[in-house]
1. Report, by residue number, each residue of segment B:200-219 that is on the phi < 0 side of the Ramachandran plot, surrounded by fewer than 10 Cβ atoms within 10 Å (Cβ to Cβ) and either in a loop (DSSP other than H, G, I, E, B) or of a type in the set (A, V, I, L, M) (or both).
2. Within segment B:259-282, track down each residue that is within 14 Å of chain A (Cβ to nearest Cβ) and closer than 18 Å to B:ASN131 by Cβ.
3. Just the residues that are assigned to a loop (DSSP other than H, G, I, E, B) and under 24 Å from A:ASP78 (Cβ atoms), please, taken from segment A:111-130.
4. In segment A:166-189, what count of residues is obtained for those that are assigned to a loop (DSSP other than H, G, I, E, B) and in contact with a Cys (Cβ under 6 Å, 6 or more places away or on another chain)?
5. Quick check on segment B:134-154. Is at least one of its residues more than 17 Å from B:ALA300 (Cα to Cα), over 12 Å from the mean Cα position of the chain (by Cα) and in a helix (DSSP H, G or I)?
6. For segment A:276-292, enumerate the residues that are at pLDDT 95 or above and surrounded by fewer than 17 Cβ atoms within 10 Å (Cβ to Cβ).
7. Out of B:VAL132, B:VAL95, which single residue is at pLDDT 95 or above, assigned by TED's automatic domain parsing to the domain that holds B:PRO254, in contact with a Gly (Cβ under 7 Å, 6 or more places away or on another chain) and not small (Gly, Ala, Ser)?
Number of protein chains: 2
Amino acid sequence: MKYCFGIDVGGTTVKLGLFDVEGNVLDKWEIPTRSENGGVNVLPDIAEAVKNKMEQRNLAKEDVAGAGIGVPGPVSSDGFVNKAVNLGWKERFNVEDKLSALIDMPVKAGNDANVAALGEMWKGGGAGAENVVFVTLGTGVGGGIIIDGKIVTGSHGAGGEIGHIHVEDKEEESCGCGNHGCLEQYASATGVVRIANKLLKETEQDSVLRSGEVSAKTIFDAVKAGDALAVKVAEQFGKYLGTALANISAIADPQVFVIGGGVSKAGEVLLDYVKKYYVPTVFHGCRETRFELATLGNDAGIYGTARLILDK
Amino acid sequence: MKYCFGIDVGGTTVKLGLFDVEGNVLDKWEIPTRSENGGVNVLPDIAEAVKNKMEQRNLAKEDVAGAGIGVPGPVSSDGFVNKAVNLGWKERFNVEDKLSALIDMPVKAGNDANVAALGEMWKGGGAGAENVVFVTLGTGVGGGIIIDGKIVTGSHGAGGEIGHIHVEDKEEESCGCGNHGCLEQYASATGVVRIANKLLKETEQDSVLRSGEVSAKTIFDAVKAGDALAVKVAEQFGKYLGTALANISAIADPQVFVIGGGVSKAGEVLLDYVKKYYVPTVFHGCRETRFELATLGNDAGIYGTARLILDK
């Protein structure tokens, strides 16, 4: 066994990687996700891509350990996907069995955020650690909990649903999940924009954000430039996220938190605001827990799925 | 291998159990904990108790798989105890190696709250499940997180430090840990008494609690009798604990929460107040998570340590 495939299925593209067993990526490419017609073509398209690559590189079946696949939806530990709306999948079925039959090799499946966490643990911001919590701050807030090198899937596929940690009793707007006061409402890209727009509306305070676009990027750029209103946004963001991560430490106590997703492009300044609230709130034994920025970007998923199948 | 020992070391007594490998307790007894002189006698006393029992029952070394030991302090996954103040232990040392040398059999060690969680998973309120969160509401709030049948120890021994989840920004009094607003300040036996005394002082509201002792027991007795002020205490207790457990679900997503400790003697009424706040706050996938009362009482530790060594 010298190789494996890592496959990260998104709503518009499928990212694929060919890896050696040490986790070096030898080749990576993308195919479109054909989610129409209930997504019937998604897995056959992937199978064709895998077979083509094997032919192109003259890989024999015996050379390949298998394929890992990450999908945007809850995946049970035995490989069942229970709906993946973005892929058009409306039925519950075993994605491991189905893809395995198509490509004639072992397949192991996981949730996309969870496999990204595994990727960052293996070859990214958490490399060298086995207890890692990955938080992705994108349109929403996702994440994954890795304990002793294994994903915490959870009994209802809700392990690592970090975005839905309750952090605010007084929130009146609904989160996408239907609850009120979820972390995602404050720490996602849309969340920080929401905080900023609220402050802009409620106060008269001068700010560069009053002219031009208000986005996670412009907000953190303004923070770096010392804009007082933007700093208030960062403080709120840091308080909600820092406190939530402190509570994760009192439960799972990771060695390192890895922060990724679009918002994390702000860089170290973002970690500073999170740590400012994490350190005084967390249980004393966990004050020294490391914080790192994610390093694999959009490739975290293919690394994680490769790891998933190698570790099967 | 037919037998094993489970040993739960407390500040005043050591509880011991002889188990068969199916987890039936064949014998249980106690010896005093001699914590004076830096606790030098604690492990030799345990060793003598184990040897005496083997002699008394004519057990050969080959019949015994080993001993599990639970201690009140952080225990690393490789058996190091870093201070156990209640036992007089002030140095960091490997308790597994030390006890193993004294009794000439394998030893596996764990934190007392974590092994109690393992015991409740194995033979108590969580029997049949492999993903269990145990919460013990005593003088403090402790707990243990069990994922796939294994204790989550954590990178700094802080896995399952449920009592130090931050739940209130506005608290002015300090928790025993030095922080402010920890779950333990509201959901422990002392915590509910503190909530009650505050309400008694701040309001003029009539209550049976105005005459006689205010304890976790009298408070929940008053709740059952419909005392309006006591109900307010239970609501606050339920809100803090229910929200904290909802957040545990968004991280570790257990099949079942098992609630033990002195406060839990109030029975089902306590679970009702917790679920009242858990259900609307938790991520939707986890609304059906089960809540059970602990069933092993003070024996949870010996069951858990027996399981620990059998599962080594």
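1. B:GLU204, B:SER211, B:GLU213
2. Of everything in segment B:259-282, those that are within 14 Å of chain A (Cβ to nearest Cβ) and closer than 18 Å to B:ASN131 by Cβ turn out to be B:TYR278, B:VAL282.
3. A:GLU130
4. 1
5. No: segment B:134-154 contains no residue that is more than 17 Å from B:ALA300 (Cα to Cα), over 12 Å from the mean Cα position of the chain (by Cα) and in a helix (DSSP H, G or I).
6. Across segment A:276-292, the qualifying residues are A:LYS276, A:VAL279, A:PRO280, A:ARG287, A:GLU288, A:ARG290.
7. After ruling out the rest, the residue left standing is B:VAL132.
Quick grid of which residues meet (1) closer than 25 Å to A:VAL42 by Cα; (2) within 10 Å of chain B (Cβ to nearest Cβ):
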residue	(1), (2)
A:LEU102	yes, no
A:MET105	yes, no
A:GLU120	no, no
A:GLY142	yes, no
A:ILE151	yes, no
A:SER155	no, yes
A:ILE162	no, yes
A:VAL167	no, yes
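The values are calculated or read from the model by the stated rules, or taken from the named source; none is laboratory data. As the structure is a computational prediction, the values presented were derived from the model and not from experiment. Positions of Cβ are generated from backbone atoms using ideal geometry, with glycine treated the same way; all protein chains shown enter the neighbour counts.
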